Structures are given as C-alpha cells and as structure tokens.
Amino acid sequence: AIIRRVTCPDGNTVGNAACCGLFAIRDDIQENLFDGGECGEEVHESLRLTFHDAIGFSPALARQGKFGGGGADGSVVTFEDTETAFHANLGIDEIIDAQKPFIAKHNITAGDFIQFAGAIGVSNCPGAPRLQFLLGRPAATQASPDLLVPEPFDSVDKILARFADVGFSPAEVVALLASHTIAAADHVDPTIPGTPFDSTPNSFDTQFFIETQLRGTLFPGTAGNQGEVQSPLRGEIRLQSDGALARDSRTACEWQSFVNNQAKLQSAFKAAMAKLAVLGQNTRRMVDCSDVIPLPKAANSKAHFPAGQTRNNVEQACRATAFPTLPTDPGPATSVPPVPPS
Ligand code: HEM
Ligand SMILES: [Ca+2]
Ligand SMILES: [Mn+2]
C-alpha cells in the first residue's frame, strides 16, 4: 500500500494536513507544561482531567429527557466555575488553570486540548502505550450535570453501573484504572499531598495491580479519610474503590491478569482510552492525528513485590488462577517517596 504523507509548513510530516497545527502545541506543552517531557505531576493531573471531562456524559439521563452532558467536550474547562465545584472534581482546578493559557494561545478547542495533552503526557511515561488522538471536538455548550464522576467511596455496584451507562464493561473499567499506575492523591488525605497509588508513579508499569492486591496494614498519613483504605507500604495510599475492584468477584481476575503483563496493560489501556476520549463525540467528523503523539519509551522496571512483601501478603481474590510468581526486591521494606509538586 502507498502511505501518503503530508509535509507541514514547519517541516513535520503527518498523515493528514489537518493535524499540522498540533506539532507546535505538542512542543509547547512538552517544554512548558510537562517540564521538558517528564512523567510528573502535570502529566498525572492531565490524564485525570481527560477522565473528569469525558465521564460527564450520561445516556441514561438523556433518556429521561434531561441534559446528560457532552462527554469529552472540554466543559470542565469552559464551565470551570460549575464543574470544579463538584465534590468529585476536588483539586482539578489546578491543572485547568495550568492548561488554560495553552488553550487560549493555540487554535484548539478545550475538548481537543484536554485529550491531546493527556495523550502527549502519557507518552512521557516509560511503559505506556501510544494513545490514539482524534481531532475535532466542537466547543461545549453546557456544563456537565453533577454526580457523574465516580468517587473513591462509591460501591463497586455503583462504579460499574456508572461506567456501564457510558458503554464500558467491567473489564474495560479495570483497564482504565491502569491510569492509577501513574498517579498520586493530593486531597484524599490532605496532610500528605502527592502520595502515590503504587511505588512507581512515574512508570506506566503493572505495579499498581500487584500492590493493590497486597494486604493493607497502614495508613500513610492520618486514619479516617473518606474513600481511603489501608495500604501495604509506607508512603503509598490506597483508594477504597481500587481496593474493592481488586477484590470483587466481577473484576478480580481481570485485575490480576494485568500483573506482569505489560503487553496487555498497553493494549487494553490504549483501547479503553480511545473510547473514553471520544465519549459524546461524533467520530465521523474527527480526524485521526495519532501520528503526532510520540512513541513512549519501554518500561524501565520488571514486575516485583516491593521489598518486605511476598506472595504471603497477597489477598488472593481471583478464584480461577493463582497469583503470578514474582521476585521480591531486596533491602528494607519499601517506603514510597511523594510525587513532588509542580
Ligand atoms: C472508579 C473510578 C475512579 C475513581 C473513584 C478515581 C478516583 C481518584 C481519586 C480520589 C484520585 C486522587 C485525587 C487527589 O486527591 O488528588 C485520583 C487520581 C487520579 N486518577 Fe482516578 N479515579 C477513577 C478512575 C480514573 C480513570 C478512568 C482515570 C483515567 C483514565 C483516572 C486517572 C487518575 C490519575 C492520573 C490520577 C492522579 C492525579 C495526580 O497524580 O495528580 N482515574 N483518582
Ligand atoms: Ca507505576
Ligand atoms: Mn496531583
């Protein structure tokens, strides 16, 4: 087959000329939003933002004759005052404020920018897949309704129902939660901002699926926070929802299947993110600009139990298959350092 390439005015080559404008945006955010191509706090927050914008969508509400939200339409930025006041969006205002000057400066809608920044940001994380990026989301018309973003204290029933409303199976929910391999919480326990969900928050690896299956023994900061359960490691925080999904009979085997399976982690997350990024959007009016997204580096670590942990600490939840055999890191019990603020 003949692969046609277009040469853009700036010398970059791309499959579709409509994507040419994205190279300048890419270079600008890599340098000035992501600190020169890091997989740090702004990348983590930008990925979270892709979700909080897109999940503002409910076909169930629409069937009742109500406005169900526009999905991945940028409403979280355009109607910032409304949506940042939603309880589940606590803390999202910081990355919105960081992204807004870039949206204002470049000729791109807020909806496109949010998903583009997420895809570029994830590409900075070793082990990540190259995410799809489709261009062409129109401007949002209204704020999303409240109560569509899942909370960490929601039951598994409620979480799976919310995702089912937008077309995700339980297996796809688990795949989307691979996002928590490059993540930390600032507000669940406000006394310890930047506390990661796994021991490798700058690496898109399978440690999140390993460490969430370990028996929780401690709170990294204070006890009694809503949506938090005990974690196995000092410096690591566990969401109640992640702990529950790892142990629920509907999701536990899928959860375990990601352990030490980097190829599945990449393909399943890529596919689920491709759906998330276009929720509520008409993809026939969009252009595939995925070739503007950089190819991520390979994973830089091998699946392991953190030092001090073995399979004896695994709370086996999948009944069908045993937990994979993994080596334990040498040394004293792992203590996870916080993700530095921007
Ligand atoms: C059951 C569904 C989910 C729940 C209940 C949930 C909940 C949370 C909570 C409470 C935080 C911590 C926020 C803070 O205190 O700073 C968080 C962080 C994060 N979430 Fe989720 N989340 C869910 C699904 C997702 C999905 C589908 C994605 C992306 C595709 C995502 C991406 C992230 C990222 C990247 C962070 C880290 C942000 C940072 O490090 O600054 N989450 N999530
Ligand atoms: Ca990780
Ligand atoms: Mn953060």
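Its relative contact order, with pairs defined as Cα atoms under 8 Å and 6+ residues apart, puts the chain at 22 percent. Each of Glu38 and Asp157 was given a label point 7 Å from its Cα along the Cα-to-Cβ line. The distance between the two points is 4.4 nm.
Taking amide H atoms as placed 1.01 Å from N in the peptide plane, the amide H of Thr328 lies under 5 Å from those of Phe305, each 5 or more residues away in sequence or on another chain. Nonpolar atom fraction for the chain, defined as the carbon and sulfur part of the 1.4 Å probe accessible area, stands at 54 percent.
Counting 0.36 nm for each residue step from Ala223 to Thr7 and taking away their Cα separation leaves a gain of 72.1 nm. With the whole protein complex present, His106 retains an accessible surface near 40 Å², based on a 1.4 Å probe. Accessible surface for Phe23 stands near 10 Å², nearest 10, in the context of the full protein assembly shown (1.4 Å probe).
Under a point-charge model restricted to the Cβ atoms of Lys and Arg (+1) and Asp and Glu (-1), what is the dipole moment magnitude of the range 79-137 relative to its Cα centre, in debye to the nearest 20?
My answer is approximately 380 debye.
The residue among Cys253, Asn225, Ala72 whose Cα reaches farthest toward the positive pole of the charge dipole of the chain, with charges on the beta-carbon of Lys, Arg, Asp and Glu, is Cys253.
The chymotrypsin sites (Phe, Trp or Tyr not before Pro) found in the range 81-118 include none that occupy coil by DSSP while having at most 15 further C-beta atoms within 10 Å. Annotation note: trypsin sites (Lys or Arg not before Pro) in the range 287-342 located in DSSP loop regions with a Cβ neighbour count of at most 10 within 10 Å are Arg319.
Here the Debye sum runs over all C-alpha atoms of the chain as equal scatterers in vacuum, and log10 of I(q)/I(0) at q = 0.06, 0.09, 0.10 Å⁻¹ comes out as -0.20, -0.46, -0.58.
For the chain, a crude dipole built from +1 on the beta carbon of Lys and Arg and -1 on the beta carbon of Asp and Glu, taken about the Cα centre, is about 1320 debye to the nearest 20. Where in the range 1-17 is the amide nitrogen less than 19 Å from a point lying 7 Å along the Cα-to-Cβ axis of Asn107? Counting only backbone N, you get 6-17. Computed from the C-beta positions of Ala271 and Thr191, the FRET efficiency with R₀ = 35 Å rounds to 0.40. Per residue, the accessible area of the chain comes to 43 Å², computed with a 1.4 Å probe over protein heavy atoms only. Sorting Ser46, Ser257 by accessible area puts them as Ser257, Ser46; the probe is 1.4 Å, largest comes first, and only protein heavy atoms count.
The HN-Hα couplings worked out from phi for the range 311-323 by the Karplus form 6.51 cos²θ - 1.76 cosθ + 1.60 (θ = phi - 60°) are 5, 5, 8, 6, 8, 4, 10, 6, 7, 7, 9, 6, 5 Hz, whole numbers, x standing for Gly and Pro.
Of the trypsin sites (Lys or Arg not before Pro) found in the range 189-292, those that fall in a DSSP loop while having at most 13 other beta-carbon atoms within 10 Å are Arg215.
Spacing of the modelled spin labels on Asn16 and Asn282, each 7 Å from Cα toward Cβ, amounts to 1.5 nm.
The gain in end-to-end length when the Glu31 to Ser169 segment is fully stretched comes to 46.0 nm, 0.36 nm per residue minus the alpha carbon separation.
Quickly estimate the mean residue ellipticity at 222 nm for the chain, helices only: each DSSP H run with n ≥ 4 gives -39500 (n - 2.57), and the total goes over all residues, rounded to 500.
So the helix-based figure for the chain works out to -9500 deg cm²/dmol.
The values are calculated or read from the model by the stated rules, or taken from the named source; none is laboratory data. None of the values given here were measured: they were computed from a predicted structure. Neighbour counts run over all protein chains shown; Cβ positions are idealised from the backbone, glycine included. Each accessible area value is taken on the protein alone, full model and side chains, heavy atoms only, with ligands, DNA and RNA left out. Shrake-Rupley method; radii C 1.70, N 1.55, O 1.52, S 1.80 Å.
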